[in-house]
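Have a look at the structure below before the remarks.
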Amino acid sequence: MTVTETPEYTYESTSRFAQVRPDLKLHYHEAGVGNGPTIVLLHGGGPGASSWSNFAKNIPVLAQQFHVLAVDQPGYGQSDKPVDHPQYFVHSASALNDLLDTLQVEGRVHLLGNSLGGGAAVRFALDYPERAGKLVLMGPGGLSVNLFAPDPTEGVKNLGKFSYQPTRENLEAFLRIMVFDQSLITPELVEERFAAASTPESLAAAKAMGKSFSSADFELGMLWREAYKLRQRVLLIWGREDRVNPLDGALVALKMIPRAQLHVFGGCGHWAQLEKFDEFNRLAGDFLLEGGK
């Protein structure tokens, strides 16, 4: 293969399964095998979300330099959907740790997480610090503390509406709040996400995930309280027009995380990896590859 040729990464060619526990099977996409270092992509928590729906376009670009593992978190995509689990960030971080053990991935892995996935990445770094490299977090859950914007936000309210009334209309309303560029929300995307989100298993898993944020161990989801413990370098990426985790929510995280930096995209909502595709890929790649832990 010449330097100008790149592999064609499709859903089917990258799709993998791993039985990480007797009662938990995870689905993930793998690309850039043989490249390094390893980067784990963790998707957001909206209805019908999966690693492919969030990162399908980013995977081929990142795989030119990294070994990419894009994981369907428990309850999403083709991964198992248990409904009896601890606080969700703990649940997902523990599953990721078991996946890395199963795949015999050694050393530290970088983590790139969007929204719910950003929170899971932070929980992983807190609970398994010896395995976590740098963090790239886009509008992460759990770190965001709104100083000026109302809480719950528009995005969270619309997420709740779909949970109780899982209609196409409510799903589309939720998706449209995700982005500044409304042309990204196509009928095909709405249909694809609705089909994935409206199964009984997905609906039950989504309710269990939401419930875990008010369960007995809910404080484990308040990541901003532990952010000072992070020793990794952290790149926070925010869309100025984010209506799920608004920009003012970044300020507490920026102050609490010792080695944090913040990049803000104007004309961008909650999906920076798509709305600012080229800039995002360059920014994340340069940050992860530059020297220093």
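The values are calculated or read from the model by the stated rules, or taken from the named source; none is laboratory data. Nothing here was measured: the structure is a model prediction, and the numbers come from that model. A quick note on method: Cβ atoms are made from the backbone with ideal geometry, for glycine too, and the neighbour counts reach across all protein chains shown. Calculation scope for accessible area: heavy atoms of the full protein, side chains included, ligands and nucleic acids excluded. Shrake-Rupley method; radii C 1.70, N 1.55, O 1.52, S 1.80 Å.
Odds and ends about this structure:
- Among the residues making up segment 266-286, a single one is open to solvent by 10 Å² or more (accessible area, probe 1.4 Å), outside any loop (DSSP other than H, G, I, E, B) and aromatic (Phe, Trp, Tyr): PHE277.
- Evaluation of SER202 against (1) at pLDDT 95 or above; (2) under 27 Å from LYS255 (Cα atoms) (one fails), failing number: (2)
- Test: residue in segment 160-170 that is polar (S, T, N, Q), in a helix (DSSP H, G or I) and at pLDDT below 95: yes
- Annotation note: of LEU236, LEU230, LEU251, LEU220, the sole residue that is farther than 17 Å from HIS110 by Cβ and buried (at least 19 other Cβ atoms within 10 Å of the Cβ) is LEU220.
- Inside segment 17-35, residues that are open to solvent by less than 70 Å² (accessible area, probe 1.4 Å) and either outside any loop (DSSP other than H, G, I, E, B) or modelled with pLDDT of 95 or more (or both) make up a count of 11.
- Note on segment 44-69: among residues that are touching a Phe, Trp or Tyr at 6+ places or on another chain (Cβ under 7 Å) and in a loop (DSSP other than H, G, I, E, B), the one that is surrounded by the most Cβ atoms within 10 Å (Cβ to Cβ) is GLY46.
- Selection from segment 70-95 of residues that are closer than 18 Å to THR14 by Cα and either of a type in the set (Phe, Trp, Tyr) or open to solvent by 10 Å² or more (accessible area, probe 1.4 Å) (or both): TYR76, GLY77, GLN78
- Flag for GLY269 being closer than 23 Å to HIS110 by Cβ, under 18 Å from the mean Cα position of the chain (by Cα) and modelled with pLDDT of 95 or more: no
- Qualifying residue in segment 223-233 (condition: more than 19 Å from ARG259 (Cα to Cα), among the small types (Gly, Ala, Ser) and part of a helix (DSSP H, G or I)): no
- Of LEU111, LEU100, LEU116, all but one fail to be hydrophobic (A, V, I, L, M, F, W, C), closer than 20 Å to PHE55 by Cβ and open to solvent by 10 Å² or more (accessible area, probe 1.4 Å); the exception is LEU116.
- Residue, nearest to ASP242 (Cα to Cα), within segment 161-173, restricted to residues that are touching a residue at least 40 places away in the same chain (Cβ under 8 Å) and open to solvent by less than 40 Å² (accessible area, probe 1.4 Å): LEU171
- Any hit, segment 254-264, residues being modelled with pLDDT of 95 or more, part of a loop (DSSP other than H, G, I, E, B) and surrounded by fewer than 20 Cβ atoms within 10 Å (Cβ to Cβ): yes
- Condition check for ARG176: open to solvent by 50 Å² or more (accessible area, probe 1.4 Å) and either assigned to a helix (DSSP H, G or I) or of a type outside the set (S, T, N, Q) (or both): yes
- Scanning segment 32-67 for residues being small (Gly, Ala, Ser) and over 29 Å from GLY155 (Cβ atoms) gives a total of 4.
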